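Quick notes on the structure that follows.
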Amino acid sequence: MVHTLNPRKQTCGFTGFALKRIAVCSMVIDHIGSIVMDGVIAPYRVNDTIILTADMPFFVRNAFLIKTICAALGSAAFPLFCFLVAEGFIHTRNRLRYAGLLALFALLSEVPYDVAHYQTVLDFSLQNVLFTLCVGVFTLYGISRAEQKSPAIRFWLTALCIAAGGCVSYLLRSEYVFLGIAAISLFYLLRGSRWKIAGIAPLLVASPWVLLAVPALLLYNGARGRGSKYFFYIFYPAHFLLLAGWAYLLANR
């Protein structure tokens, strides 16, 4: 499916690649808070208790505040990724290949993700967000097949696909679990509607700060834009390793 827009419309608002860049920046800010700030705090942690002293550096004493700010600013990332996955599914020529690419890089990213978050090579407490996005694409594939049925059957098959996707995400223990699947599904189901922004609603359960993504979504102009489609796939695992290294240096300074 070829996605075309008139030239004038393409000059206004954000393209898909622009949204992806915003999402990546937001994600990095979030992970600086959750990974690097933990490295800052680590030397002062004793049996899960933080020992605060008057001679601590300013950024150490305020590490929790920095973490909170980073978490808020980073909350815009996942809604944007959910929206972009739904858009990618709509416009890709090969939907199963799209899902397969996400699955491949979800697996490749798991070790860097665990090293950064749990300081171990493999930890099954929580899996990286690409697993959620991948399950979301398979869910949309099921929904797209259900849309070929009669209205009554379509409704129940769609609900079944979303429930199944949520269950798979829960069993995988991937980030945002069923909330991510619900958001991706809503963004897809509301495509072409003036209310498509409502796809963000399930994520409000996780954090009200996801609303920071709304202005960018409202300014989306529907154009793909220019950029490498493989950049994020490579950057995602790489940035975990870089942040893990940064956190390690701070913890062992």
* Could you calculate the contour length gain from ASN221 to SER150, that is, 0.36 nm times the residue separation minus the distance between their Cα atoms, to one decimal place in nm? => 22.4 nm
* Asked: Taking only Cα atoms, what is the 0 to 90° angle, nearest 10, from helix 151-172's long axis to the longest principal axis of the chain?
  -> 20
* Assuming R0 = 35 Å, can you tell me the calculated FRET efficiency for the pair LEU241 and ARG191, based on Cβ-Cβ distance, to the nearest 0.05? => 0.50
* Hey, what number do you get for the chain at 222 nm if only DSSP H runs of n ≥ 4 count, each worth -39500 (n - 2.57), divided across all residues, to the nearest 500? -> -20000 deg cm²/dmol
* May I have the extent of the alpha carbons of the stretch 141-187 along their three principal axes, as whole Å values ordered from largest to smallest? => 34, 19, 14
* To do: Consider a paramagnetic label point 7 Å from the Cα of LEU171 along Cα→Cβ; state which residues of the stretch 136-159 have an amide N under 16 Å from it.
  => 136, 138-139
* Relative contact order for the stretch 134-188: what is it in percent, counting Cα pairs under 8 Å that are at least 6 residues apart? -> 41
* Structure fact -> Heavy-atom accessible area per residue of the stretch 51-203, all protein chains kept, 1.4 Å probe, expressed in Å², is 50
* Using only Cα atoms, find the angle between the long axis of helix 16-31 and the longest principal axis of the chain, and express it within 0 to 90 degrees, rounded to the nearest 10. => 30
* Just need the relative contact order of the chain here, percent rounded to a whole number, with Cα pairs under 8 Å and 6+ apart. => 32
* Structure fact -> For GLN127, other-chain or 5+-apart residues with amide H closer than 5 Å (H placed, Pro excluded) are SER174, GLU175
* Structure fact -> Any residue on another chain or 5+ positions along whose placed amide H is under 5 Å from the amide H of PHE14 is listed here as TYR220, ASN221
* What are the ³J(HN,Hα) values, in whole Hz, obtained from phi via the Karplus relation 6.51 cos²θ - 1.76 cosθ + 1.60 with θ = phi - 60°, for each residue of the stretch 222-227 in sequence order, with x given for Gly and Pro? -> x, 8, 6, x, 10, x
* Asked: Could you sort PHE187, PHE231 by accessible area so the largest value comes first, with the probe set to 1.4 Å?
  -> PHE231, PHE187
* Structure fact -> Between LEU204 and ASN94, Cβ-based FRET efficiency (R0 45 Å, step 0.05) works out to 0.85
* **In range of the label at ALA164: residues from the stretch 128-154 whose backbone nitrogen is under 17 Å from the point 7 Å along Cα→Cβ** => 134-150, 153-154
* Using every pair of alpha-carbon atoms in the stretch 158-241, split the distances into 5 Å bins beginning at 0 and state the percent of pairs per bin, rounded to integers. => 3, 12, 16, 19, 21, 21, 7, 1, 0
* To do: Calculate how large, on average over all directions, the projected area of the Cα convex hull of the chain is; give the answer in nm² to one decimal.
  => 15.0
* To do: Express the C-alpha Rg of the stretch 124-206 as a ratio against the empirical globular expectation 2.2 N^0.38 Å, rounded to two decimals.
  => 1.08
* **Relative contact order for the stretch 94-164, counting Cα pairs under 8 Å that sit 6 or more residues apart, in percent** => 29
* Put one equal scatterer on each alpha carbon of the stretch 99-237, apply the Debye formula with no solvent term, and list log10 I(q)/I(0) at q = 0.10, 0.14, 0.22 1/Å to two decimals. => -0.38, -0.76, -1.42
* Asked: Mind checking the angle between helix 77-91 and the chain's longest principal axis? C-alpha axes, 0 to 90 degrees, to the nearest 10.
  -> 30
* **Heavy atoms of ARG154 accessible to a 1.4 Å probe, total area in Å² rounded to 10** => 90
* Structure fact -> Expressed in nanometres to one decimal, the distance between label points 7 Å along Cα→Cβ at LEU122 and ALA71 is 3.0
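The values are calculated or read from the model by the stated rules, or taken from the named source; none is laboratory data. These figures come from a predicted structure and were not determined experimentally. Glycine gets a Cβ as well: all are built from the backbone with ideal geometry, and neighbour counts include every protein chain shown. What goes into the accessible areas is simple: the full protein's heavy atoms, side chains included, and nothing from ligands, DNA or RNA. Shrake-Rupley method; radii C 1.70, N 1.55, O 1.52, S 1.80 Å.
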